[in-house]
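Undergrad: My questions all concern the structure below.
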Amino acid sequence: MSMLLFLTIFVAINLLYILLGAWSSQGIKDNDDYFLAGRTLGVFALTLTLIATQLGSNFLLVSSAGAYKSGLWGLAYPLGMSLGFLILGSGFASKLRAFNVQTTAQLFQTVYLSQKLRMVASVISIASLWGILLSLVIASKILLASIGLVGPLTIILFWATLIVYTVMGGFKAVVLTDIYQVIMITIIFSGLLVYGLFSDWSGGTLVALLGNTSSLTSYNFSYISIVSFFIAPALFSLIEQDLAQRFFAAKTRSIAVIGALLASLFLTIFAAVPIYFGLKARALGLILTANQNPLIVVMELISHPVIAVLGLCAIAAALTSTADSVLCAISSHAAQDFSPEGKNSLRMSRFITFIVGISAVGASYTLSAGIGKVLVSSYQFSIATLFVPIFACFIIKKPRKGAALGSIVAGIIGFFAASYLCPNLPIEVPSLIASALGFILGSLVG
C-alpha cells in the first residue's frame, strides 16, 4: 500500500471537513442552531445522519472481529443497532420529536418535574457517551497502527480536524460531513464486497465461503458476550443523546419515523460487509495479532493498493461519522443541562465541545482496555440506570419523580451487584430488573 497516497487522500479529506465546518458556521445564532440545526432536517439528511451515528468504525471493526472470532455470531452487534432503529421507527422516534426538548436528560425536568434528576441523568449520559468517544479514539489508533502510523502526529491531525470542524459548525457541520461520509463508505465497501464475493481469490468466492462451515460457527464465544452485544446497542438507541438529538432536529414527527425505519433497513443490509470480511479471514486461516483487524487485513490482501487506500480512508470516515456525533451530543448535555434555564453563550458551547474532544484523546493514552470492552461497558451502565425512567416517559402519562429516582438508584446498585454476583448472566438483565423494581417502589412511596 502506498503510504504517500493514503496520507495525501487523508489530508485532503480532512481539509474538506474543515471547509464544511467553516461553511456550516454561517448563520448560527443560538444553541438551537448550534446543537439542532434549527430543527430543519428532512428525510434524506435525517436518514443519512442516523446511519452515520451507528456506521462508525466500531460497526465495521468490532463486527468484523466478532465474525472472525465467533462466526455468524458476529452479527449480534450490527443487528442490535438495526433492531434499535426498528423499535424507534415503531413510534418512539415520533414521541421523541413531540417532546420538543434539546437533550434526553431534559425529559427528567419536563416529565418528572425535577431539575436535580435532569442533572443526574445528564452526568450519567455524558459518562456513557464519553466512554464511547474514548473507544473511538482507541479504534483510530488501531486503524493507523495497522498501516504503520504509530506516532502521535497522525492521531493529533485526525482528532484536531474533527474537533475543529465540530467546534465551528456544531450539529449542522456534523450532518453535512455525515452525508458525505455515508455515501463514500457505501460506495467503496459495497464495491469491495461484490468483488470479494464473486472473484476467485484463494477460494474466497461466495460458494467457497459458504461451503466452509467451520468459518460460520465457532466455539470461541460466550453467550453472555453475544447477548450483551445484541441487547446493549438496541436498548441504548432508545436513550442515547446522539440519536435523540437527530430526532429532536427533524422537521416533523413523521420524518423522524421514516428516517429511523430507513436507517434500520440500511444497517441490516450493510452488516454483510464486516461479517463477510471476518468470515473470509477465518476461511483463509489468517492469524492476526492484537493490533490487526480482519477487515483491514483481508481488504489489503484481495484488492489493488489504490483500492485498499480508499478502503482505509472509508474506515477513517466511518470512525469520524460516529465520533463527531458523540462529541456534539456530549457537548449538548454539558452546555444545556447545567446552566440556568439551559442557556449558554455560543462561545461557551464551542469551548465545551473543544474540551470534551481533547480530554478523550488525552485519556486514551492511559487506557489499556480493548474497543469492545470500553464500548459495551459504556452502553451497559447507561442502560442500567436510565433506560427504565426514560422508557416510562413514552408509555406513562404522568410518572412520579420518586419512580425515576428509585429506578436510577436501584439501577446503579443492580449494575454493580450483577457485576460480582451474576457473572453467568448478561449484566443488562439483572440491572434492568433492579431498575424496574426501583421504579415500581418509587411510584408507590413517592
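Undergrad: In Å, what is the Rg of the alpha-carbon atoms in the chain, and how long is Dmax?
TA: 21.2, 68
Undergrad: Magnitude of the Cβ-charge dipole of the range 1-148, K/R +1 and D/E -1, about the Cα centre, nearest 20 debye?
TA: Numbers: 8 positive and 3 negative charges, 58 e Å.
Using Cβ point charges on Lys, Arg, Asp and Glu, the range 1-148 gives about 280 debye.
Undergrad: Order the peptides 145-155, 301-311 from the highest to the lowest mean number of other Cβ atoms within 10 Å of their residues.
TA: Details: 145-155: 14.8, 301-311: 17.7.
The most tightly packed comes first, giving 301-311, 145-155.
Undergrad: Towards the positive end of the charge dipole of the chain, with charges on Cβ (+1 Lys, Arg; -1 Asp, Glu), say which of 180, 197, 289 has the farthest Cα.
TA: Comparing the listed Cα positions along the dipole, 180 ranks first.
Undergrad: From the residues 108, 268, 252, which one has its Cα farthest along the dipole of the chain in the positive direction, the dipole being from +1 and -1 charges on Cβ of Lys/Arg and Asp/Glu about the Cα centre?
TA: Working it through, the farthest residue towards the positive pole turns out to be 108.
Undergrad: As a test of the definition: which semi-axes, in Å, follow for the range 400-446 when you take the square root of five times each eigenvalue of its alpha carbon gyration tensor? Largest first, please. Write out the running numbers ahead of the final one.
TA: Values: eigenvalues 96, 12, 8 Å².
Ellipsoid semi-axes (Å, largest first): 22, 8, 6.
Undergrad: Ordered by packing density, taken as the mean number of other Cβ atoms within 10 Å over each peptide's residues, highest first, how do 244-254, 15-25 rank? Spell out each step's value before the answer.
TA: Values: 244-254: 22.5, 15-25: 17.6.
Ranked by mean Cβ neighbours within 10 Å, highest first: 244-254, 15-25.
Undergrad: Something else about it: Name the most mobile residue of 421, 295, 193, meaning the one with the largest mean-square fluctuation, in a Gaussian network model of the chain with Cα contacts below 10 Å.
TA: Among 421, 295, 193, the largest GNM mean-square fluctuation belongs to 421.
Undergrad: Pick from 98, 263, 418: which is most flexible by mean-square fluctuation in a GNM of the chain where alpha carbon atoms under 10 Å apart are linked?
TA: 98
Undergrad: Mind checking the angle between helix 253-270 and the chain's longest principal axis? C-alpha axes, 0 to 90 degrees, to the nearest 10.
TA: Rounded to the nearest ten degrees, it is 30.
Undergrad: In deg cm²/dmol, rounded to 500, what helix-only [θ] at 222 nm does the chain give when every DSSP H run of at least 4 residues adds -39500 (n - 2.57) and the total is split over its residues? Display every interim value, and only then the final one.
TA: Working: 20 runs with 330 residues, N = 446.
Calculated at 222 nm, the ellipticity per residue is -24500 deg cm²/dmol.
Undergrad: Between 293, 58, 100, find the one with the highest GNM mean-square fluctuation for the chain; connect C-alpha pairs within less than 10 Å.
TA: 100
Undergrad: Taking the radius of gyration and the Kirkwood hydrodynamic radius from Cα positions alone, what is the Rg/Rh ratio for the range 292-445, to two decimal places? Walk me through the numbers before you get to the answer.
TA: Values: Rg = 20.7 Å, Rh = 19.0 Å.
Reported Rg/Rh, Kirkwood definition of Rh: 1.09.
Undergrad: Under a Cβ-only charge scheme (Lys and Arg +1, Asp and Glu -1), can you give me the dipole magnitude of the chain about the Cα centre, in debye to the nearest 20? All intermediate terms of the calculation are to be shown ahead of the outcome.
TA: Working: 22 positive and 12 negative charges, 193 e Å.
The calculated dipole for the chain is roughly 920 debye.
None of the figures in this text is laboratory data; all of them are computed from the coordinates on show. Remember, predicted model here, so these are calculated numbers, not experimental data. Glycine also receives a Cβ, built like all others from the backbone with ideal geometry; neighbour counts cover every protein chain displayed.
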